[in-house]
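Participant: Questions regarding the structure given below will be posed in turn.
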Amino acid sequence: MIPFLDMKAVYAELKPDLDAAYFRVMESGWFVLGKEVEAFEAEYAAFCGTSHCVGLGNGLEALELVLRAWDLGAGDEVIVPSNTYVATWLAVTAVGAKVVAVEPTPGGPNIDPDRIAAAITPRTRAIMPVHLYGEPADMEAIMTLAGRHGLKVIEDVAQAQGARVRGRRAGALGDAGAHSFFPSKNIGAIGDGGAVTTDDAKLAERLRVLRNYGSRVKYVNIERGYNSRLDELQAAFLRAKLPRLDAWNERRRAIAARYTDRLAGIPGLGLPRAPQWAEPVWHLYVVRTGKRAELVKALDKAGIGTLIHYPIPPHLQQAYADLGWPAGTFPLAETLAETVLSLPMGPHMKPEEVDEVAAVIRATLS
Ligand SMILES: *Cc1c(COP(=O)(O)O)cnc(C)c1O
């Protein structure tokens, strides 16, 4: 049996540190917005290479609150990938702005800068690239476009904590980076959590107000805010995990390299290929095949877990039926949704397990 992701292995590796974090918070008697969150914010900002980090309730709210802090709303357009998790779109529509979906590069998975250029209108205010599967989007091209048109850029870093573009971390490449600490992400909490990283002191300050009911001073509400705070307990757990993140990402890299080696030359199987300038962190290892159903069945029979990220693109979800984008509107995203398959991946996967997965795939498709 090879699970898609072994969630228990992290506790086995870090039990003393995670237990110590738990006892520290329990004994402190202080659970919301305290020393742990403050310390994690400083440590995570240092890790990403930004001057500020603001701990929030989850990744979706990290995206949404940045758009709120930039005062985006009705009449504003935000460029997002057609090929992404629905949260990217939900953040834009939550503030009342208009989603302008842009297709990925032909090989995928990330948004195509050339197509972004064609989608910019006088109403465009921001671009929200996603570093899907842990592979950085083409941030140099995106920042150049944004600079030329006076647009803000918010990175969706939910799947790419620790990834780099020419040595600089994801989350430090745009005007703001929105992070998720959902348990299965490359660094995950023991529940929900999120954060925004930025060099913009004003944005960070506004987010601190927005996350806490729109108040800077207790019971004085200067604007209509949210309740979206990273818990002390989650911050303490994340502090225990952060020192391991680079090493865990390194292990993911080794697993990915082994997959790429063992899966080479299988007819009809597309393998992920990150651009030269990108240092991906392999949140997922995603292959493409026209025989997906057959392959999933064979892997399942062999006790190997797989998932599909994602089976239905946002524009075809019932939630966005009102946008009136029928099948065929975003053919590249639709083809990916029909052909992608995520193989088991994680820092605790064993090399022999990669070989086993690859052997089943080769036997099925050859
Ligand atoms: C997980 C994820 C989110 C949302 O994060 P939550 O913490 O679950 O709200 C947003 N965007 C992408 C690409 C994600 O993978």
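The values are calculated or read from the model by the stated rules, or taken from the named source; none is laboratory data. Note that the coordinates shown come from a computational prediction; the quantities given were computed from them, not determined experimentally. Quick reminder, even Gly has a Cβ in these numbers, built from the backbone with ideal geometry, and neighbours come from all protein chains shown. Quick note on the areas: whole protein, heavy atoms, side chains included, nothing else; ligands and nucleic acids left out. Shrake-Rupley method; radii C 1.70, N 1.55, O 1.52, S 1.80 Å.
Participant: Suppose the filter is open to solvent by 50 Å² or more (accessible area, probe 1.4 Å), modelled with pLDDT of 95 or more and aromatic (Phe, Trp, Tyr); does residue 85 pass it? I'd like the intermediate steps shown before the answer.
Facilitator: Numbers: open to solvent by 50 Å² or more (accessible area, probe 1.4 Å): yes; modelled with pLDDT of 95 or more: yes; aromatic (Phe, Trp, Tyr): yes.
Yes, satisfied.
Participant: What residue, of 188, 177, is within 14 Å of the ligand (Cβ to nearest atom) and more than 16 Å from residue 65 (Cβ to Cβ)?
Facilitator: Criteria check complete, one pass: 188.
Participant: Can we say residue 84 is β-branched (Val, Ile, Thr), part of a loop (DSSP other than H, G, I, E, B) and within 30 Å of residue 253 (Cβ to Cβ)?
Facilitator: It is true that residue 84 is β-branched (Val, Ile, Thr), part of a loop (DSSP other than H, G, I, E, B) and within 30 Å of residue 253 (Cβ to Cβ).
Participant: State all residues of segment 70-79 that are among the small types (Gly, Ala, Ser) and either within 16 Å of the ligand (Cβ to nearest atom) or crowded, with 24+ Cβ neighbours inside 10 Å (or both); if no residue qualifies, say none. Quick ask: steps written out before the conclusion?
Facilitator: Let us first name the residues in segment 70-79 that are among the small types (Gly, Ala, Ser), namely 73-75.
Scanning segment 70-79 gives no hits.
Participant: Next up: Which count do you get for residues in segment 22-65 that are of a type in the set (A, V, I, L, M, F, W, C), away from the ligand (no atom under 16 Å from the Cβ) and outside any helix (DSSP H, G or I)?
Facilitator: Counting residues in segment 22-65 that are of a type in the set (A, V, I, L, M, F, W, C), away from the ligand (no atom under 16 Å from the Cβ) and outside any helix (DSSP H, G or I) gives 4.
Participant: If residue 141 satisfies every condition in (1) within 24 Å of residue 169 (Cα to Cα); (2) modelled with pLDDT of 95 or more; (3) open to solvent by less than 20 Å² (accessible area, probe 1.4 Å) but one, which is the exception?
Facilitator: So the condition that residue 141 fails would be (3).
Participant: Go through 333, 293, 327 for me and flag whichever is open to solvent by less than 10 Å² (accessible area, probe 1.4 Å) and at pLDDT 95 or above.
Facilitator: 333
Participant: Suppose we keep only residues that are of a type in the set (S, T, N, Q) and open to solvent by 50 Å² or more (accessible area, probe 1.4 Å) within segment 26-69. Which one would you say is nearest to residue 176 (Cα to Cα)?
Facilitator: Checking each candidate, the answer is 51.
Participant: Inside segment 197-245, can you point out the residues that are assigned to a loop (DSSP other than H, G, I, E, B) and not aromatic (Phe, Trp, Tyr)?
Facilitator: Of everything in segment 197-245, those that are assigned to a loop (DSSP other than H, G, I, E, B) and not aromatic (Phe, Trp, Tyr) turn out to be 199, 200, 211, 214, 218, 222, 223, 224, 225, 228, 229, 230.
Participant: Further, regarding this structure: Exactly one condition in (1) in contact (Cβ under 8 Å) with a residue 24 or more places away in the chain; (2) surrounded by fewer than 24 Cβ atoms within 10 Å (Cβ to Cβ) is not met by residue 148; state its number.
Facilitator: Going through (1) in contact (Cβ under 8 Å) with a residue 24 or more places away in the chain; (2) surrounded by fewer than 24 Cβ atoms within 10 Å (Cβ to Cβ) one by one, residue 148 breaks only (1).
Participant: If I go through segment 272-311 residue by residue, how many of them are assigned to a helix (DSSP H, G or I) and either in contact with a Pro (Cβ under 8 Å, 6 or more places away or on another chain) or among the basic types (Lys, Arg) (or both)?
Facilitator: Adding up the residues that qualify gives 3.
Participant: Right, next: Would you confirm whether any residue within segment 87-101 is among the charged types (D, E, K, R) and within 16 Å of the ligand (Cβ to nearest atom)?
Facilitator: Scanning segment 87-101 turns up no residue that is among the charged types (D, E, K, R) and within 16 Å of the ligand (Cβ to nearest atom).
Participant: Could you check how many residues of segment 194-246 are within 16 Å of the ligand (Cβ to nearest atom) and of a type in the set (Asp, Glu)?
Facilitator: Number of matching residues: 1.
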